[in-house]
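Reading through the structure tokens given below for one structure.
The values are calculated or read from the model by the stated rules, or taken from the named source; none is laboratory data. None of these values were measured; they are calculated from a predicted model. In this analysis, Cβ positions are derived from the backbone assuming ideal geometry, glycine residues included, and neighbour counts consider all displayed protein chains. The accessibility values were calculated without ligands, DNA or RNA, using every heavy atom of the protein model including side chains. Shrake-Rupley method; radii C 1.70, N 1.55, O 1.52, S 1.80 Å.
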Amino acid sequence: MSYRIGLVGKPSVGKSTFFNAATMNDVPEGAYPFTTIDPSVGEAYVRVPCAAPEFDETCTPNVGVCRSGTRFVPIRLVDVAGLVPGAHEGRGLGNQFLTDLNETDVLVHVVDFSGTTDIEGEATEGHDPREDIDFLEEELDQWYLDVLEKGIDKYETRYHGSDAAIEVELAEQLSAFGITKDGVKQVILAEGLELDPETWDDADREELAREIRKRTKPMIVAANKMDTPAAQDNWEAITTDPDYDHLTFVSTSAHAEKALKNADESGAIDYTAGDDDFEVLADLDDEQAAGLDRIAEFLDEYGGTGVQTSLEAAVFDVLGCIAVFPGSANGPTDEKGVFRDCFILPEGSTTEDFAFHIHSDIGEGLLHGLDCRADRQVSKDHELEHRDVIELVSTKQAAP
């Protein structure tokens, strides 16, 4: 079971190009609204330094691939149908957009930092990317507020005058967003509010909806088309604006990533996703050479195209996930291969969580874990760290 990253943004910002670059799937691309009219789901990857070399082993991945000691672990990338202002009211493809969005764990908002597409996704010049960042957050906040208001209305109708817990009703109404009653209560108290909706004014409700949205649908901004001077100017202005301190920005050129992967597949260059350079392997004509020279300058300036970095920032930095390698009774290998698996787990996962993630039978029979690096026993409630190699000692084995 892999994490799902929602790729969002207004039409014509290069979102489909980003999706194709990350997954190398053949999704239509075009500079017109609603190029993507249905959600596309593809397999992308996040990089994890492989543990095998530390054990003098060469891994044999069951899924994904390992290149030069870097493990590429699969995640799901969802290219969600085009967004326009008013989506929370059903405008454009809004209803489908919100439904598809709710199936994701974290968002990557692709923004045209060159300012060459307006708020509707039409060609223009000098558009301020701040408007795009703001409108997505506002659309999501309004969506959450609508759901929150329904929960408050139900609470007041059912429990008027009683001491019933508001967090229970709101958690039920907001369950699709993956928040529990304890989570709702925590947000209410963190906002300095009483556990009584009659004491909340409109501003309180809006802020409550916004905070719940930020906790359950965190996002990063992929600042796309950063290979243009206008985008670079906007980057400097926006990333130093304190109004956007709550967001993570990644300088990105989806076009460059797609071009590099195409060239790698054709044998013209040797390129690994996320690297900050590449090796030319074939004779190139003048146009090809000039294009790759421009991309090489971008890679040197920004440390990569940003596509791979965006995915990893979403999973590891924003969600706080960790990667864990399962070991075996004889160390990190078994008869089926060496370091076959690498799992992405939520922040704070324990040995027991890891066991249940692999299989319920293993979790139910778990006795303890073994840290294969330190060669020491760890308890069920031991909190795991990124890149741990853990053997699970259980009275039960996974069903075949």
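The set of residues from the range 177-192 being surrounded by 12 or more Cβ atoms within 10 Å (Cβ to Cβ) and hydrophobic (A, V, I, L, M, F, W, C) comprises Phe177, Ile179, Val184, Val187, Ile188, Leu189.
Tell me, which residue of the range 133-148 that is in contact with a Pro (Cβ under 9 Å, 6 or more places away or on another chain) and of a type outside the set (Phe, Trp, Tyr) is most open to solvent (accessible area, probe 1.4 Å)? It comes out as Glu138. Annotation: Asp196 fulfils all but one of (1) at pLDDT below 95; (2) under 24 Å from the mean Cα position of the chain (by Cα); the unmet one is (2). Flag: Leu195 matches the condition of being open to solvent by 20 Å² or more (accessible area, probe 1.4 Å) and aliphatic (A, V, I, L, M).
The number of residues in the range 216-232 being part of a loop (DSSP other than H, G, I, E, B) and open to solvent by less than 10 Å² (accessible area, probe 1.4 Å) comes to 2. Number of residues in the range 234-258 that are touching a Gly at 6+ places or on another chain (Cβ under 9 Å) and charged (D, E, K, R) equals 1. Within the span defined as the range 103-113, every residue fails to be free of Cβ contacts under 8 Å to residues at least 24 places away in the same chain, over 16 Å from Ser175 (Cα atoms) and open to solvent by less than 40 Å² (accessible area, probe 1.4 Å). Scanning the range 278-332 for residues that are touching a residue at least 12 places away in the same chain (Cβ under 8 Å), out of contact with any Gly (no Cβ under 9 Å at 6 or more places or on another chain) and of a type in the set (S, T, N, Q) yields a total of 3.
Kindly provide the set of residues from the range 277-301 that are open to solvent by less than 70 Å² (accessible area, probe 1.4 Å) and within 18 Å of Thr228 (Cβ to Cβ), ordered by number. Explain how you work it out, then say what you get.
Quick first cut of the range 277-301, residues open to solvent by less than 70 Å² (accessible area, probe 1.4 Å) only: 278, 282, 284, 289-292, 295-296, 298-299.
Result: Ala290, Gly291, Leu292, Ile295, Ala296, Phe298, Leu299.
I'd like the full set of residues that are of a type outside the set (Ser, Thr, Tyr), part of a helix (DSSP H, G or I) and within 15 Å of Asp79 (Cβ to Cβ), limited to the range 99-135. So that I can check it myself, show each step before the final result.
At the first step, the residues of the range 99-135 found to be of a type outside the set (Ser, Thr, Tyr) are 100-103, 105-113, 115, 118-123, 125-135.
Those still in the list that are part of a helix (DSSP H, G or I) too: 100-101, 129-135.
The answer is Asp100, Leu101.
Looking across the range 56-87 at every residue that is crowded, with 19+ Cβ neighbours inside 10 Å and over 22 Å from Gly274 (Cα atoms), the one that is modelled with the highest pLDDT is identified as Val80.
With the structure loaded, tell me whether Thr240 is modelled with pLDDT of 95 or more, of a type in the set (Ser, Thr, Tyr) and more than 29 Å from Arg4 (Cα to Cα) or whether it fails that test. So Thr240 fits the description; yes. In summary, Gly274 fulfils each of the numbered conditions (1) under 23 Å from the mean Cα position of the chain (by Cα); (2) surrounded by fewer than 16 Cβ atoms within 10 Å (Cβ to Cβ); (3) not acidic (Asp, Glu) with the single exception of condition (2).
The residue of the range 35-53 that is modelled with the lowest pLDDT, among those that are open to solvent by 60 Å² or more (accessible area, probe 1.4 Å) and either part of a loop (DSSP other than H, G, I, E, B) or of a type in the set (S, T, N, Q) (or both), is Ile37.
Can you name the residue in the range 117-132 that is buried (at least 17 other Cβ atoms within 10 Å of the Cβ) and modelled with pLDDT under 95 and, of all such residues, is nearest to Arg210 (Cα to Cα)? First the steps, then the outcome.
The first filter runs over the range 117-132 and keeps only residues buried (at least 17 other Cβ atoms within 10 Å of the Cβ), leaving 117-118, 121, 127, 129, 132.
Adding the requirement that they be modelled with pLDDT under 95 leaves 117-118, 121, 132.
Details: Thr117: 27, Asp118: 25, Gly121: 25, Asp132: 17 Å.
Filtering first and then ranking leaves Asp132.
Touching a helix residue (DSSP H, G or I) at 6+ places or on another chain (Cβ under 6 Å), open to solvent by less than 30 Å² (accessible area, probe 1.4 Å), in contact (Cβ under 8 Å) with a residue 24 or more places away in the chain and under 25 Å from Leu247 (Cα atoms) - does that describe any residue in the range 155-173? Looking for residues that are touching a helix residue (DSSP H, G or I) at 6+ places or on another chain (Cβ under 6 Å), open to solvent by less than 30 Å² (accessible area, probe 1.4 Å), in contact (Cβ under 8 Å) with a residue 24 or more places away in the chain and under 25 Å from Leu247 (Cα atoms), one finds none in the range 155-173, hence no. Taking the options Ala237, Ala209, Ala259, name whichever one is out of contact with any helix residue (DSSP H, G or I) (no Cβ under 7 Å at 6 or more places or on another chain) and part of a helix (DSSP H, G or I). Answer to the selection: Ala237.
Considering the range 373-400 alone, what residues qualify as being in a strand (DSSP E or B) and either within 29 Å of the chain's Cα centre (by Cα) or among the charged types (D, E, K, R) (or both)?
Looking only at the range 373-400, we keep the residues that are in a strand (DSSP E or B), and these are 376-378, 383, 388-394.
Scanning the range 373-400 gives Arg376, Glu383, Asp388, Val389, Ile390, Glu391, Leu392.
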